[in-house]
Each structure stands twice: as C-alpha cells, then as structure tokens.
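Here the structure is laid out as structure tokens; the discussion comes afterwards.
The values are calculated or read from the model by the stated rules, or taken from the named source; none is laboratory data. For clarity, every value in this text was computed on a predicted model and none was experimentally measured. As a convention, Cβ positions derive from the backbone with ideal geometry for all residues, glycine included, and neighbour counts pool all protein chains shown. Protein only, heavy atoms only, side chains kept; ligands, DNA and RNA dropped before computing areas. Shrake-Rupley method; radii C 1.70, N 1.55, O 1.52, S 1.80 Å.
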Amino acid sequence: MVMSKISVLQKIINSRIIPVFYHKDADVSCKVMKACYDGGIRAFEFTNRGAFAHEVFRKLIDFAAKECPEMALGVGSVVDAPTAALYIQMNASFVVGPLLNPEVARLCNRRGIAYVPGCGTVSEVGQAQELGCDLVKVFPGDVLSPKFVKSLLAPMPWSQIMVTGGVEPTLENLTSWFNAGVTCVGMGSKLFPKDRIEEGDWQYITEKCQECLSYVNV
C-alpha cells in the first residue's frame, strides 16, 4: 500500500524521532527497524550509503509490509534525481538528502513524495520551501546547534525543521533541540551503538527508542 505524501509527513511529525540507519546485511537492517517499530517509532530512514544499498532497501520494504505495517520507510543520503527515482520505484515513502537538489525536489513533487533536503543556511531553507519542501533538514546539527534553529524560526516561524547530525539520545540534548523549535530529529549512530548491533541486542534499541520518545512526547 502506497502512503500519501500528507500521511507520511504526518507520521514523521508525530514520530518526532526518525532513526537513521544503514547496514549492508538486510537481516540486521530488518531487525533494527523492527526493534524501532516495537519501541513506538513510525518513520524510519535507511541511508543509501553502501554498495547495493538499494537491494537491502527492497528487502526492508517487503519486511515492513508484513512486520511493520504502520511504518513510513524512507531513504536517506540521496544527492541526485536518478537515485531518488530508483528508491521511489521501490516504494520509498520519503526521500532525505544531505544537500538541496532542485531536480530531486521536482521529481518528488511530480510523484507526490515528501522530499526533506539538507540545508545549512537560512537562504537554502527558503529555497527549499520555494521548491515545495514542507519539511526541511538542518544539517549538520552538531555544527549549526539549536541556536541556529531558534534564530531561523524567528523571521520564518512557518518553517518545519528536522535536524540531523550529532543528535544524542539523552534528555538534555533532545530537550535542547525541541525547545529551540524543531519539528523532529533524525538520529543515527548514537541510537545504534556498534557493540549493541554486533551483539544483536535488539531489546536495547527498543527500550532506547521508548526512552527517547518519553523525553519528547510530554
């Protein structure tokens, strides 16, 4: 079942925390996504970073349809339109990039897919909005800081911001971002410690997701 752009954006906004993950092993990726789903997550970003990542994504899509039916599964680290088209053809619910590419925006608009481009300046955020991006990614978050978000929202309060890069699964860090006014955050390696993945400690991930959601859903 294809989710509409509006319903996907609503899931992302309601989830508030979007796990960002890549692993070359499809089985590991599926287990991580299921652990997040069991922890209350309903939007998951699989990053296009390794060779044949699209083949892993295809297996994730099939797995999600059976085991995580309410999950909006999107693709991240997309920098060009051909790559976006490949994943859209495999039923990606949304497309995220580290940068803003107008060609990707036009493609996603044509196909009714949410595009969340990476922006590092106020001008880039404005350009993304002109291109029809409802949600914009501030990246890298650890470089720009919550102060950037707060300053951006002062003259542009209609902006919906997802911050990624350096977001930590702690009360202090998450509170600082949401107090600054972000709509949601993307969280990667700090949510998935390498040793926990190697041990197959999926319960840890589930509990960490539940813990993080308790910090932001108050």
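Annotation: lysines with alpha-carbon distance below 20 angstrom to residue 137 (same-chain offsets under eight excluded): 5, 11, 147, 150, 190.
Tell me, which longest segment in the chain has none of the chymotrypsin sites (Phe, Trp or Tyr not before Pro) that fall in DSSP loops with at most 13 further Cβ atoms within 10 Å?
53-157
For residue 59, a cut-off of 16 angstrom between C-alpha atoms picks up these aspartates and glutamates, skipping any fewer than 8 places away in its own chain: 25, 27, 45, 67.
Suppose all protein chains stay in the model; what accessible area per residue would a 1.4 Å probe give for the chain, in Å²?
46 Å²
Summed over qualifying helices (DSSP H, 4 residues or more, each -39500 (n - 2.57)) and divided by its residue number, the chain shows a 222 nm mean residue ellipticity of -15500 deg cm²/dmol.
Which residues make up the longest stretch of the chain clear of trypsin sites (Lys or Arg not before Pro) that lie in a DSSP loop with no more than 14 other Cβ atoms within 10 Å, not counting the sites? Don't skip to the answer; put the middle values down first.
Working: sites that count: 24, 49, 190.
That gives 50-189 as the longest site-free run.
When the chain is treated as a Gaussian network with alpha carbon springs shorter than 10 Å, the biggest mean-square fluctuation among 145, 29, 123 belongs to 123. For the range 54-97, the share of accessible area belonging to carbon and sulfur comes to 51 percent (1.4 Å probe, ligands and nucleic acids excluded). Straight-line reach from residue 66: taking Cα to Cα under 17 Å and skipping same-chain neighbours fewer than 8 places apart, the lysines in range are 31, 34. Of the solvent-accessible surface of the range 113-218, computed with a 1.4 Å probe and all protein chains present, 51% belongs to carbon and sulfur.
Charged side chains reduced to their Cβ positions (Lys and Arg at +1, Asp and Glu at -1) give the chain a dipole of some 480 debye around its Cα centre.
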